[in-house]
1. I need 182, 168 ordered by Cβ neighbour count within 10 Å, fewest first.
2. What list of ³J(HN,Hα) couplings, whole Hz, do you get for region 58-66 from phi and the Karplus terms 6.51, -1.76, 1.60, once you set θ to phi - 60° and write x for glycine and proline?
3. Near the amide H of residue 129, under 5 Å away, which other amide H atoms are found, from residues 5 or more places off or on another chain, if H is placed in the peptide plane?
4. Rounded to whole Å and ordered largest first, report the semi-axes of the equivalent ellipsoid of region 82-193 derived from its Cα gyration tensor (root of 5λ).
5. So who's got an amide H within less than 5 Å of the one on residue 177, skipping anything under 5 residues away but keeping other chains? H placed 1.01 Å off N, in plane.
6. If each residue's Cβ is checked for other Cβ atoms within 10 Å, how do 78, 36 rank with the fewest at the top?
7. By counting other Cβ atoms within 10 Å of each Cβ, how are 318, 127, 108 ranked from fewest to most?
Amino acid sequence: MLRSFVFPDIPPDLSDLLFRDDKQVVVVGVLGKSSHADCNKLAGFKILDFYPSLASSTPRDGRITFYFKETENVLYVHFESTFDEYVLKDLEKIGNMQSAPLNFHEFHSRARTKFARILLFATQICHIIVLVETGKMFDASYLSMFKALKTIRERYILKFLPKLLKNSNAGTFMGKDGRLCSPRIIFMFERCLLECRDADALQKLEFDIEDRIYKMLRTEFIITNNSSISLFSIPRNQRYVYVNDDPEIRSDPLIDSIDNLMTFIDKASSKEKVSDDWEDIRPIKGFAKPLRLYREPRESDKPEKPKQRSIVDLLNVHINEALRTGFDDSVSKFKGKSHFV
């Protein structure tokens, strides 16, 4: 069962469960870009037990929604930001209503700043961060943002945050870095190149994107040998790029309802053939039978479909490692000195 709530309205029973001393929970932050009106980037994970497109709430910049899976000890933290198209659209409306509307440069700068604040906050409270990209390739404009946030964290946040947390309940486990750990970042691309639909080509594409992202992050000193002073970390021996190849990554509630109805109607036809009592009175053979039964083979005759890839499978590798040993992505002489709670 997946329980959800919007910050700061945390149910008391769930709050007690999350903060139990004997309870291990991995915090997975989900943020980035979206192109749908609900702005729910978890829809592509296929873990929700509802359709986000049917939700009555409207997107809002800075909204934080928690989804807790107690059976897996995972707390998903979903962030809505100005990189969501419909949130950005609302921000534009507000800007145009001002007496002196913002020009493009000011508007773009404000949108990036708002997202950067959320990303910086996510690096403080998450073990894993999933950065969702609606396009097919990595957005290189992230690099300047990552670099600026790393500098801000080193020069300002580390000067006051550990002291601020020292006398609080969180200070006992946040440590001198003022965060749970150096979070691992995973890049998820919702779209895939057409020529990379088969498994081998898709895996090659993911490896290629990983190499390019790693080189860019190392060149800009966003990640270093010491993960504790990095904004986030890259796993040394695990995958951290997922390219979606499912064209139906988001379920349509109307289509799903029709499919369920047709499955229910055709349920009897999927069993062994039985005599048709109505065949003798039909004007022609097959009259009034669903045409789709003659176009598609029976369910029992269909070849078994290959298992669909999922971002959750990749996530579970990192989640299991976090629950088992924690993360230590430092190298060289810094290995074994990383903070993780």
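What follows draws every value from the coordinates through simple rules; no lab data is involved. Since this is a predicted model, take the numbers as computed values, not measurements. Here the Cβ positions follow ideal geometry from the backbone for every residue, glycine too, while neighbour counts run over all protein chains shown.
1. Details: 182 26, 168 9.
Fewest to most other Cβ atoms nearby, the residues stand as 168, 182.
2. Karplus values, whole Hz, x for Gly and Pro: 9, x, 8, 4, x, 5, 10, 10, 9.
3. The answer is 29, 184, 185, 186.
4. Values: eigenvalues 176, 83, 30 Å².
Each semi-axis is √(5λ); the values are 30, 20, 12 Å.
5. Placed amide hydrogens put nothing under 5 Å from residue 177.
6. Details: 78 22, 36 17.
Listing 78, 36 from fewest to most nearby Cβ atoms yields 36, 78.
7. By the 10 Å Cβ count, ascending: 108, 318, 127.
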